[in-house]
Structure formats: C-alpha cells, structure tokens
Amino acid sequence: MERIVLLDSFRRYFGSQISLKLTCHILNEGYEDWLRHNSDNEVNGAPVYVVRSGGLVKTRSKNIRVGDIVRIAKDEIFPADLVLLSSDRLDGSCHVTTASLDGETNLKTHVAVPETAVLQTVASLDTLIAVIECQQPEADLYRFMGRMIITQQMEEIVRPLGPESLLLRGARLKNTKEIFGVAIYTGMETKMALNYKSKSQKRSAVEKSMNTFLIIYLIILISEAIISTILKYTWEAEEKWDEPWYNQKTEHQRNSSKILRFISDFLAFLVLYNFIIPISLYVTVEMQKFLGSFFIGWDLDLYHEESGQKAQVNTSDLNEELGQVEYVFTDKTGTLTENEMQFRECSINGIKYQEINGRLVSEGPTPDSSEGSLSYLNSLSHLNNLSHLTTSSFRTSPENETELIKEHNLFFKAVSLCHTVQISNVQTDGIGDGPWQSNFAPSQLEYYASSPDEKALVEAAARIGIVFVGNSEETMEVKTLGKLERYKLLHILEFDSDRRRMSVIVQAPSGEKLLFAKGAESSILPKCVGGEIEKTRIHVDEFALKGLRTLCMAYKQLTSKEYEEIDRRLFEARTALQQREEKLADVFQFIEKDLILLGATAVEDRLQDRVRETIEALRMAGIKVWVLTGDKHETAVSVSLSCGHFHRTMNILELINQKSDSECAEQLRQLARRITEDHVIQHGLVVDGTSLSLALREHEKLFMEVCRNCSAVLCCRMAPLQKAKVIRLIKISPEKPITLAVGDGANDVSMIQEAHVGIGIMGKEGRQAARNSDYAIARFKFLSKLLFVHGHYYYIRIATLVQYFFYKNVCFITPQFLYQFYCLFSQQTLYDSVYLTLYNICFTSLPILIYSLLEQHIDPHVLQSKPTLYRDISKNRQLSIKTFLYWTILGFSHAFIFFFGSYFLIGKDISLLGNGQMFGNWTFGTLVFTVMVITVTVKMALETHFWTWINHLVTWGSIVFYFIFSLFYGGILWPFLGSQNMYFVFIQLLSSGSAWFAIIIMVVTCLFLDIVKKVFDRQLHPTNTEKAQMYSNTVALSDEFIALQPLSRARNQLSKLRWKKIRVQSAQHMNLLKASTEGRTVGTC
C-alpha cells in the first residue's frame, strides 16, 4: 500500500514538474517558431513581378525560378540572386545597400553589360536571347564569376560577369527607380541562404556548476537508496521482522527471486528519495533568465539619447556570465572610436598641411621660402586668383606658385576621382550651373561611400574647391573652381585585402589617360618611382603617431599603347572562367607599377565618450583588455595610448614584422626573458597579423605565456578570422577564462560568436554585429554598467538561487530518509502526497524567484564606482565547492533539527492532545513539514538585502498561503479525492499549544547559528562586498539608477526631480534646463 501511495506521489510530482518545464519550453519555442513562420511567410509570399509572354505577371517570391526576369522597384528587396540586365539609367547602373547581409550601410554600384543595358522595356527584354554560364552556388558574398553569351543578329557576344553585376538576395534597391534582373540562384542556393548558420549553443559557467552539483546529489540519492536497501534486508534477517504476524507474505512473494526483490526495493527507495534532485530548479532558472533580461532593456543608463537606441538582449541564457568576464576583446574603429572620419592633415609633394576652416595650412617652409613660419595656402578658388599670392603669403617665384597650384590640383583630383562614392540623384540638380564658390556649397551634397574614410576625403576635396558631382553614364563629373569637368571612367581596379589598394583609369577632358591609385602606404610606396617618397613616408609615420588613419595617393599617365595592352589583359582576365581571381591579381600587379607619388591623407576617428574611464575600470576589475584591429601598427598604438589601453609608463613589447617560424620563436623567447628580468609591474604587447599567424602555427604555448604576463595586448593588421582564432586560443588555455568580445562591424561577427559573451555595438557599420551578438549596446562606455552592475547582480542572484534550491531540497528529503529508520525501511512516506507535490511548486517557489529578479545586495552606484568588487565574484566563487558544501551541510543540519526536534519534543508526549491521544504518523510528518516551510522561507528572508513590497508579499504570503491551504485541504472532505489521510490533521496540530511552541523553538534553533555566524563574519572578517554593503547604506540613491529600482520606488524618485538652474558660460544668459531624465517615465522603461 505504501508503494502505491509513493508511486502516486512520484507520478504527481514528476508529472507536474516535467509538465511545467515542458510547458515553458513549448510556449517559448512555439512563440519563436510562430514569429519565424510569420517572417518566412512575409518573405516567401512577398509579391514580385516577372516578365512572361511579353508582359509583367505578378507572383510570389517563392515561385521565382532560375531564368526568370524579375522587375524590382526602388526600396524593394531582391527576392533572389539576380544578374542585372538593365535599369532606368542609360548606363544600366543601379545602387543597392547590403546592410542586411554584411552590415555595410553604404551604397554600392552595380552595372549591367552594355548589350542588355539598353533593354529598358518589357517588350525589348522579351526579345533577349542570351545564355549565362556561372559557377556553382557558394557562400562568399564578394565572389562571383560568370559570363553572358548574347546572340544579336546571328552573332554571339561574350561579356564577363563579376560581383559588380550580381544583385544579392536580401539587398535593397536604392536611388534607382527600377531594374530588371535575371534570377541565377534561388531558394537555398542564394548566397544569403548559404551564409545562414545557426548560433552555436553557449553555456554559462553557472550552468556547468549546476550540472556538477546535480551529479553530486545524484550520487547522494543513489547512496541513500543503497544504504536503505541494505539496512532493510539486514533488519529483515531476523525472522520476527521478516514476516510479522500483521504483514504476512503471499506465496508469490515467498517464491520470488531475492535479486529481483532487492532491485525492486532499491528502485522504490530511489523513487522515495528522488525529490532531493531539484527538477523545479531548471524551471525557475529559465523563468529568472527570461524575466531578468528585461531589466537590461529597461535601464535608462544604457539608453543612448542621440540615436534613440536602448540596450538589446538577444539571448537570456548568459545573463550571469556578464559577471564572470576575465578577458575583453574589442575592435577599435567604431567601437572605441566614433567611426566618424574627419579630414585633418595631408602631405602633398613632401609638404605637410592641416585643414583649418576649409583652407590648407602648410607646416614648415614651402619651397624656396626664406622663412620657416606657417604659410597659409588658401582654398584653390582663392589660388586661382594669383593676386592673392603676394610675398606676405608665399615668398616664391610665379613659376613655383603655378607649379604648387598644379600639384594641389592633381592631388585633390585624385582624391575626387579614385573612390566608389555615390550621390543621391535628387541632390545633384542644378549643380552644374555657375561658379562653385557663389552658387554651390559642398554641404548640399550627400555622399554615400563604402567606407567613412572615402566619404571624409571626398568631402574635404569639396571644401578645398574640387567637388565630385557624381556619375553620369560612363563618366565622373568634377567641378574645379566652378568649372565642370567630365572624366570618362574606363576601368575600376577594385580594392581587395591582399593588394590593400584600389585604382581607377580615367580619360581626362584633354584626352590623356590617367591611372589614379589609393591605398595603404605599405602597398603604394613600393610601387612608386617618383615623387617625394621619403618625405611622405616620414609624414605618414607622424600622422600615425597622432592616431590618424592614413592613405597614400599616386598616379600614372598612360600612353595609348599601354592602355590598349591593359584593356586587353583586363578583358581576358575578367572573362576567364577558371582561375579568374589569380589572373586578375596578376593583371593588377602589371598595371599598378611605376607610379608617381602625389602625397598622403590623414583622417581622424575620434574616441567615444568615457572610453578611457571604461578601460581603466575594466582593468581595476581584474579584466584584461585586448584590442584587435585591422589598422596599421603606428595608428593602433597611438589610439591605444590615447584611450588608456596602454599607459605611458607601461613597458611596450613588440612582436611585429616576423618573417619565419624560427625568427618568431626567437623573438618570443626574448620577450619572455625580458618580462622575467624587467622589474616593471605592467607590460604591454603589440602583435601584427603576420607575426600572429607564425606564432599560432607552432608556438602557441610560448605565445600564450608571453600574453598571460602582459596587462594589455594590441593585435593590429588583423583579419576577421584571426580575431576569432585569438579568442579561441584564450578560451582553450588551461585556465579556461571567460571571454567577452565587443565590436560593431560585420568583420567582428566571427569573434563575437566565438567568445563566451558577444557584445554588438549599434554603430555606423550596420547592424550585423548587433544581430549576431548576445547583447547589443549603443556605446562602449555602457559596458561598465552592463558588467559591474547587471553582471554582478545576475550572478549573485542566480548563484544564490542554485545554492538555495539544493539547500531546501536537502531539508525536504533528509527527514524522509531518517524516518525510514523508524518504520523498518518499509518505504512509508513521511509527507502527504499533496505536500510532496506542492513543496517546490507553490510553498517555496515565489520567494526565491522574486529574490532572483529584484535582489540588489549592494547599491548600483557603489558597484559602478568600485570596480574592484567585481573581483569578489570572478572565477565562479559563489558556486565553488566550498560554498556548495556549506549550503549542503546547512541543509542536512536543519533537516536533523526538523526531524529529531519534532521527535523528541512531541513524538511521545500524550499530553499534546486534549483527548489523551498521541500524535500519529501524518501529524508528525505535518509538523516536520510546517517547521521546514517556515524555516526555508525565513532563511530566504535572511539572504535578502533589498526589500520591496513584492518581497514582503511573496515571503510572508507564502507562509500564510501554506497555512490557509492546509486548513482547507485538511478541514474539508473533498469528494474527488479517493483517500484523505490529512483530514482534520492540520487543525488538530494547530490546536495544540505545545506544537506552536515546538515550531517556534525549532525555527529559532535552525536560524540562530546561521545568524550568529553572519554577524561574527561581518564584524571580525568582513569581505570587500560586506564592507561595500555597509558603505552603501550611507549613500543616497542617485536618480541615475532609477531604472534598476522597483516601480514604486522609481516613481518616488522621479517625482522628486525638479527643474534645475544651470549656469552657462555667458553671464548674459541663464537657461532653465530640466534634469537629464526629462521625458523618461517608468511606464516607458
């Protein structure tokens, strides 16, 4: 009979727990699947128009087949990978943005082949006879090779197809009325589909600790079951207990196998004690993570007013991991800096200039100058008037003055022509009329560039006087001093990461053909045979030391014979179906040589607000910061020094320009010796991409030894995959540290996904990084609040939740184990089956859940102002074996007090009931259960530092609910219950004054020692956290942290804000400015 009751309790408990857990998972997954289903239907069912039978037919995007000619209108998304046939422009060009694919928000130009560009109507396209041959589908977004064979008048014309002809699915048409394209890849063969990869499952350190603790408790469970089974058979070895007169065995039981009976009894004890495994822990943890993640989005301190962006949580499984970070890997451009490029300086023919108010200021003596003071070079519009060039401005001859103007003219024409910048059509109307100085200001133009550098350079040239107007058919239009010049664009040699430069070949209005090249100094200077190479190299290094981004400009005049050879080679390489990229690289090398150096440009990417303070706070918190960037060595070092990543007093070690494995190994050994021998507290390491590849090839251990002894590491000239490799190298190191990666561009996605925690910056390089990250913030400075406050809170909350769950389940099931010694190990349950089911579901679940959502053991202002407190929770200290054993032993000790306290106080006292009856089995179990519910609930109250009305409601309400439920459950004969062992038991128990006295004595006894321990530890050996708790009690809560407060308290704080009178610099004006929280309400949090 006992086994039937026990199995029924087991079925109810596990059924309810597993049902609840499965329900949570099903609802969550179902909701996400429903959203994905709607999103898929929206994409696959989007209406599109295809050309069929000489007309446009409306269909759905999922019905597009390879070979269909599709019409796309402005601002529509391409439903498949298309080869551009024609557009509303005569040259067959169009503009697209690929922000949803690679995160780049710039406009990109795509062009159709000349033979199809003229087919701008449906009727003309219906007559097109052509065959497209292309490679098999592949995931590379920037690689495409094919050719189009067009049949015209019985003649076949072959045209090469490259990335410039391919319109990718997911991209959007911009600044073009409509285009026609032929589908070549559809469905799962499109590049977007091939690039789709589900995120790898990331597991937090807390989850791993939970699994370890579960294994320990599983061992305890099995041990208790084995002990109970052995003792049962030891007890039954005596004949009088094997078959007592009141419990005779059946014939089947006497003849059954002893082994089978042993196994059956062992399994029965497993079922009896299985409640020690906290299955409801997973349900509570999942609810805590999901609900707790909303607090990040509600935090007003993580809201960026300028862009209107709030923090985003893309996964809630890693909230507590924010409190365990040991390494931070960050990108530089757009993450530490604003990614807003501003032209600052340039070097033209060996002379350095600064831009001041739209004019170039030369630094040092100009040619033939007799004075070394600064000479001011006016904008080219002023230079055009030679009367401005007096001896007070330049002490040069007229010939030199004219030559100087030509040099500057050619330099800025190279800047205005060598790029892929685009201009919106509506903003170029009327630009060609009138002189530029009087009729047009460059601020009227809105440029779209593939990189912020290009945009800054073209805008700077416009301010100087050479304005890029835009593209018209196959020409590039430039206004020089109000005069419109048209350059025929012959060829574009696209930028690639191997050459690290780009070039254009144009035909000037005079008919001469010119090659303009732009790129990094390491790729341009070796190709130059003329110009001020050494002076420019010195100036580039000086620019880099200031933290400026540099590019070199060069040109070459081509003869007709040279151009014919170049045109022939380019055509052959671009039409090749085999090894096209290698052939193009060879042709580019052939073209880009014997250049004349024009000069160099320097643009500034200024630091974001509070970057230095954030990095210093991370260092104080014991977090090592690595900067991974693609910038050159000098620029990266300069920015690292300016942002506080490197200190001036830090010993900077370098591992750069290594050519071989042996050379790299020797350099690493030297660095290791220097670290050991130098008596310097902090070291910094600089590594470039080439040297890093050599170090990771065969010398990982030596490289890691050097890195671990450095406070800061800077990796420059890094490829995206190298960033991910570095993070993986740290992750798999013996210490297994928790890593965090933060970046803003598509090139940072690999490292964001590789790190334990990925943070995306919602910057100006698109949203690819933010979409692929675990968390997204608007600025790098928000990282300190995210880690030191939210990370600290989440970790403490969930660590306490996990330990508390194991504690209260030990308290719950240990009396059941002890009770078997008094019932001859008959598997009789101590508690009623309803109590077994509701203990973890109703009676003790809400206090710990609310604690895990609202607890603030330290004021958030103190946490952020004292980053060293972050060290107290690092390396998963709150879930260490020592802490785990403390909670487990505490649970066992409380369980012993529950059981033996009840047994010795009232177990055999006949005076407890007025009728002289003793307490029965269910009364005794109910007493133990009552003491247990009160004790574990009050224990949770003792752990709570931050009390709100919600905490009070669920804590004391849980105890009240238990009493009310027990009164109703045991005070009424419920007709739907087959048996009701608890009828009148609880009422009878509460009617005894001795029972009330015993309850109070046992609760106080359980918690007294725990309270004494806490008091003595806090007074005699306080930790840094406990000191901060005492300090925080004296700190007034700032309105900066209202977002983290309960709603009632937040409203109270907001109501106290008043208009503040702010003194401005001008004594004549006084403004009434509202506090920074104006417009923010709790309802909008």
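The values are calculated or read from the model by the stated rules, or taken from the named source; none is laboratory data. These figures come from a predicted structure and were not determined experimentally. Positions of Cβ are backbone-derived with ideal geometry, glycine not excepted, and every protein chain shown enters the neighbour counts. Please note that ligands, DNA and RNA were not included when accessible areas were found on the heavy atoms of the full protein model with its side chains. Shrake-Rupley method; radii C 1.70, N 1.55, O 1.52, S 1.80 Å.
Would you call Arg569 more than 33 Å from the chain's Cα centre (by Cα) and among the basic types (Lys, Arg)?
Against the criterion (more than 33 Å from the chain's Cα centre (by Cα) and among the basic types (Lys, Arg)), Arg569 qualifies.
So, in segment 40-94, how many residues would count as being on the phi > 0 side of the Ramachandran plot and open to solvent by less than 10 Å² (accessible area, probe 1.4 Å)? If you could, list the steps in order and put the result at the bottom.
Applying the first criterion (on the phi > 0 side of the Ramachandran plot) to segment 40-94 yields 53-54, 67, 75, 92.
Next, only the ones that are open to solvent by less than 10 Å² (accessible area, probe 1.4 Å) stay: 92.
Total satisfying the criteria: 1.
Looking only at segment 851-860, count every residue that is over 17 Å from Ile296 (Cα atoms) and open to solvent by 10 Å² or more (accessible area, probe 1.4 Å) and tell me the total.
1
Of the conditions (1) surrounded by fewer than 21 Cβ atoms within 10 Å (Cβ to Cβ); (2) out of contact with any Ser or Thr (no Cβ under 8 Å at 6 or more places or on another chain), Phe812 fails just one. Which one is it?
Of everything listed in (1) surrounded by fewer than 21 Cβ atoms within 10 Å (Cβ to Cβ); (2) out of contact with any Ser or Thr (no Cβ under 8 Å at 6 or more places or on another chain), Phe812 misses just condition (1).
Can you tell me which residue within segment 494-515, out of those that are in contact with a Lys or Arg (Cβ under 8 Å, 6 or more places away or on another chain) and in a strand (DSSP E or B), is modelled with the lowest pLDDT?
Among them, the one singled out is Arg501.
So which residues in segment 566-607 are more than 19 Å from Ala554 (Cβ to Cβ) and among the hydroxyl-bearing types (Ser, Thr, Tyr), if there are any at all?
Thr575
Within segment 589-618, can you find the residues that are surrounded by 23 or more Cβ atoms within 10 Å (Cβ to Cβ) and either among the hydroxyl-bearing types (Ser, Thr, Tyr) or part of a strand (DSSP E or B) (or both)?
Answer for segment 589-618, where residues must be surrounded by 23 or more Cβ atoms within 10 Å (Cβ to Cβ) and either among the hydroxyl-bearing types (Ser, Thr, Tyr) or part of a strand (DSSP E or B) (or both): Leu595, Leu597, Leu598, Gly599, Ala600, Thr601, Ala602, Val603, Asp605, Thr614.
Check whether at least one residue in segment 725-738 is surrounded by 18 or more Cβ atoms within 10 Å (Cβ to Cβ), of a type in the set (A, V, I, L, M) and within 16 Å of Asp631 (Cα to Cα), and report yes or no.
No, segment 725-738 contains no residue that is surrounded by 18 or more Cβ atoms within 10 Å (Cβ to Cβ), of a type in the set (A, V, I, L, M) and within 16 Å of Asp631 (Cα to Cα).
Looking at Met718, is it surrounded by 18 or more Cβ atoms within 10 Å (Cβ to Cβ) and assigned to a helix (DSSP H, G or I)?
No.
Considering only residues that are surrounded by 14 or more Cβ atoms within 10 Å (Cβ to Cβ) and more than 30 Å from Phe900 (Cα to Cα), which ones fall in segment 978-1023?
Across segment 978-1023, the qualifying residue is only Arg1018.
Name the residue that is farthest from the chain's Cα centre (by Cα), counting only residues in segment 725-752 that are polar (S, T, N, Q) and within 24 Å of Asp140 (Cα to Cα).
Asn747
Against the definition (open to solvent by 70 Å² or more (accessible area, probe 1.4 Å), of a type outside the set (Lys, Arg) and within 30 Å of the chain's Cα centre (by Cα)), how does Glu207 come out, yes or no?
no
Please verify whether Asp265 is outside any strand (DSSP E or B), in contact (Cβ under 8 Å) with a residue 40 or more places away in the chain, among the acidic types (Asp, Glu) and touching an Asp or Glu at 6+ places or on another chain (Cβ under 8 Å), treating the condition exactly as stated.
Against the criterion (outside any strand (DSSP E or B), in contact (Cβ under 8 Å) with a residue 40 or more places away in the chain, among the acidic types (Asp, Glu) and touching an Asp or Glu at 6+ places or on another chain (Cβ under 8 Å)), Asp265 does not qualify.
Answer with yes or no whether His945 is modelled with pLDDT of 90 or more and open to solvent by 60 Å² or more (accessible area, probe 1.4 Å).
So His945 passes the test.
Taking the stated definitions as given, is Arg549 over 22 Å from Ser347 (Cβ atoms), modelled with pLDDT under 90 and not acidic (Asp, Glu)?
Against the criterion (over 22 Å from Ser347 (Cβ atoms), modelled with pLDDT under 90 and not acidic (Asp, Glu)), Arg549 does not qualify.
Could you look through segment 645-702, keep only residues that are charged (D, E, K, R) and assigned to a loop (DSSP other than H, G, I, E, B), and pick out the one that is most open to solvent (accessible area, probe 1.4 Å)?
Ranking the candidates gives Arg648 first.
Please go through segment 100-125 and give me each residue that is modelled with pLDDT of 85 or more and not in a loop (DSSP other than H, G, I, E, B), ordered by number.
Matches in segment 100-125: His110, Val111, Pro114, Glu115, Thr116, Ala117, Val122, Ala123, Ser124, Leu125.
Working only within segment 52-92, note down all residues that are part of a strand (DSSP E or B), among the aliphatic types (A, V, I, L, M) and either at pLDDT below 90 or farther than 23 Å from Met192 by Cα (or both). Outline the logic, then answer.
The initial filter retains those residues of segment 52-92 that are part of a strand (DSSP E or B), namely 52, 55-60, 69-73, 77, 81-87.
With among the aliphatic types (A, V, I, L, M) added as a condition, the list becomes 56-57, 69-70, 72-73, 77, 82-85.
Of everything in segment 52-92, those that are part of a strand (DSSP E or B), among the aliphatic types (A, V, I, L, M) and either at pLDDT below 90 or farther than 23 Å from Met192 by Cα (or both) turn out to be Leu56, Val57, Ile77.
Of the residues Ser228, Ser165, Ser256, only one is closer than 28 Å to Leu272 by Cα and modelled with pLDDT of 85 or more; which? Don't jump to the end; show me each part of the working.
Working: Ser165 fails: closer than 28 Å to Leu272 by Cα; Ser256 fails: modelled with pLDDT of 85 or more.
The unique qualifying residue is Ser228.
Could you list all residues from segment 163-194 that are part of a strand (DSSP E or B) and open to solvent by 40 Å² or more (accessible area, probe 1.4 Å)?
Arg172, Lys174, Glu178, listed by residue number.
Name the residues in segment 861-904 that are in contact with a Ser or Thr (Cβ under 8 Å, 6 or more places away or on another chain), surrounded by fewer than 19 Cβ atoms within 10 Å (Cβ to Cβ) and more than 21 Å from Ser784 (Cα to Cα), would you?
Residues satisfying the conditions are Phe892, Phe896.
Hey, any hits in segment 604-623 for a residue that's free of Cβ contacts under 8 Å to residues at least 40 places away in the same chain and farther than 30 Å from Cys710 by Cα?
There is no residue in segment 604-623 that is free of Cβ contacts under 8 Å to residues at least 40 places away in the same chain and farther than 30 Å from Cys710 by Cα.
Any chance you could count how many residues in segment 312-339 are of a type in the set (A, V, I, L, M, F, W, C) and modelled with pLDDT under 90?
3
Go through (1) at pLDDT 85 or above; (2) out of contact with any Pro (no Cβ under 7 Å at 6 or more places or on another chain); (3) open to solvent by 10 Å² or more (accessible area, probe 1.4 Å) one by one and return the number of the condition Ser347 breaks.
(3)
Report yes if Cys710 is within 24 Å of Ala617 (Cα to Cα) and not polar (S, T, N, Q), otherwise no.
Yes.
Out of all the residues in segment 784-801, is one or more open to solvent by less than 20 Å² (accessible area, probe 1.4 Å), closer than 30 Å to Ala268 by Cα and under 39 Å from the mean Cα position of the chain (by Cα)?
yes
Considering only residues that are touching a Gly at 6+ places or on another chain (Cβ under 6 Å) and in contact (Cβ under 8 Å) with a residue 24 or more places away in the chain, which ones fall in segment 42-82?
Hits for segment 42-82 are Val70, Leu82.
Among Pro160, Pro137, which is the only one that is open to solvent by 40 Å² or more (accessible area, probe 1.4 Å) and either touching a helix residue (DSSP H, G or I) at 6+ places or on another chain (Cβ under 8 Å) or closer than 22 Å to Leu584 by Cβ (or both)?
Being open to solvent by 40 Å² or more (accessible area, probe 1.4 Å) and either touching a helix residue (DSSP H, G or I) at 6+ places or on another chain (Cβ under 8 Å) or closer than 22 Å to Leu584 by Cβ (or both) holds for just one of Pro160, Pro137, which is Pro137.
Sort out which residues of segment 38-68 are polar (S, T, N, Q) and under 13 Å from Leu82 (Cβ atoms), and write them in order of number.
Hit for segment 38-68 is Ser61, nothing else.
Given the options Leu830, Leu818, Leu838, Leu824, name the one that is open to solvent by 10 Å² or more (accessible area, probe 1.4 Å) and part of a loop (DSSP other than H, G, I, E, B).
Sole residue among the options that is open to solvent by 10 Å² or more (accessible area, probe 1.4 Å) and part of a loop (DSSP other than H, G, I, E, B): Leu824.
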